[in-house]
Amino acid sequence: MPDAVPRLLVAVYGPTSAGKTKVSVDLCLRIRDELGLAPMVVSADSRQVYRYMDIGTSKTTPEEMRGVPHTMLDVTEPVRKLELETFVAEARKHMDECWASGGVPVIVGGTSVYVRSLLEGWEVDAVAEARNAIRRDFPRSMAEDAYAVLTRLDKSAAGRIHENNYDAIVNALAHAMGNDPDRAGTSVAARQVVLGVDRPATEIDRRVAETYDSQVQRGLRDEVLELDERYDVLAQYRSLGQKSPNQVVHTHGYTEWFDLAVERGKPVENLGAAELDEVRDRVVERIRTHTRRQRSAIPKLTGVTMVRNDRDAFAAVQAALTAPAPKQSGGPKPAGGSKAAGGGKPARSGGGRAAAGRSGGRGAGSGSGRPRQGKPRQGPKPR
């Protein structure tokens, strides 16, 4: 080990139910105990940022943390979507504080856009400006047109997004417009270790079903009912449908409860046993489909190393610390690796106005004692 430890950034990415939490916490404990460095997990899960959505998002518990500080959990209430630029700004603050104290930030999650934005130093302020313009030019009813533009400009980015996922399409187009490589981006660590955690598809499928059954046993129904009472979710969903801003109805594991309640014309609490079985089938199928998209993003992460456990992960960290210093590229790399013609100026779409220029989803209750934005969560000290 060198005397002066270089600034290091670790990322652990993989699909839902692949086992990222255990690998990442085990790795953090080895970084702390064997290297003498203070690790901090930066959650990169687009659903775990919301308060009161604990069981249904498999949010890391204090027991699972085993004394490792975790941040970017419970950042805000789910009354509206947490935009990418807000997530990045807050996450970067925690990362900078960790580096300043000589620690190692460890990004952990299954939301590839969150992971890549932190690894690649995306220019998110410009992305925010672009997103507003795209939403004006491509309202939700024109999602198909927006996806067509994204496909034309960056097939790689389009291939990572479902054609009906309006918010993801907007984010990809916005990143393409806003992430001009000629503009200064946020610097990232001199050394990065990007780790992929995965399992065979059949095993992931089995674990997804087991996870949902465990969530139900741990009180998922009560959590759904408490969210409905807290935010009047069902009434808003009946009125606004997919336009509802509340993220509860845009999160797998919760959406299906409210979908079936709307379809049956009854409160969530009145769903019977057969209907709850149908909810389970829908949740499991949708999350399994989602894991396929998550897995497809792994090869697109620059320099990713697949690991099976903390031993593999720790070996990759040690190798990064002892390797020669990497050459500096001079700035963050744009997503998708491509740049459309026109120098980032908006192109034209046949169906709308200005199109994008380049392209680029737990305890409920009162919430007392829950960490607020900017405060890392930390489990009990290990014995």
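Numbers below:
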item: Dipole axis of region 41-179 (+1 Lys, Arg; -1 Asp, Glu on Cβ), positive-most option in A126, G109, V170; result: V170
item: Packing-based order for 14-26, 140-152, using average beta carbon neighbours within 10 Å, highest first; result: 14-26, 140-152
item: Radius 12 Å from Cβ of V283, net charge of other residues (Lys, Arg +1; Asp, Glu -1); result: -3
item: Net length gained if the chain between A319 and E144 were fully extended (0.36 nm per residue, minus Cα distance); result: 58.5 nm
item: Only Lys, Arg (+1) and Asp, Glu (-1) charged, at Cβ; region 1-65 dipole about Cα centre in debye; result: 240 debye
item: A190 paired with S156, simple spin-label distance in nm, labels 7 Å along Cα-to-beta-carbon; result: 2.8 nm
item: Global geometry of region 21-99, whether rounded, prolate or oblate, following the gyration tensor of its Cα atoms and the 1.5 cut on a/c; result: oblate
item: Percent RCO, i.e. relative contact order, over region 18-84, from Cα pairs under 8 Å lying at least 6 residues apart; result: 36 percent
item: Cα gyration tensor shape of region 240-328, rounded if a/c is under 1.5, else prolate or oblate by comparing a/b with b/c; result: prolate
item: Rough spin-label spacing in nm, given labels placed 7 Å along Cα→Cβ, for K243 and R80; result: 1.6 nm
item: Global geometry of region 42-171, whether rounded, prolate or oblate, following the gyration tensor of its Cα atoms and the 1.5 cut on a/c; result: prolate
item: Stretchable slack from K300 to E203, in nm (0.36 nm times residue separation minus alpha-carbon distance); result: 32.7 nm
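Readers should treat all values here as calculations from the given coordinates under stated rules, not as data from a laboratory. All figures in this text were calculated on a predicted structure; none of them were measured in a lab. Cβ atoms come from the backbone with ideal geometry, glycine included; neighbour counts cover every protein chain shown.
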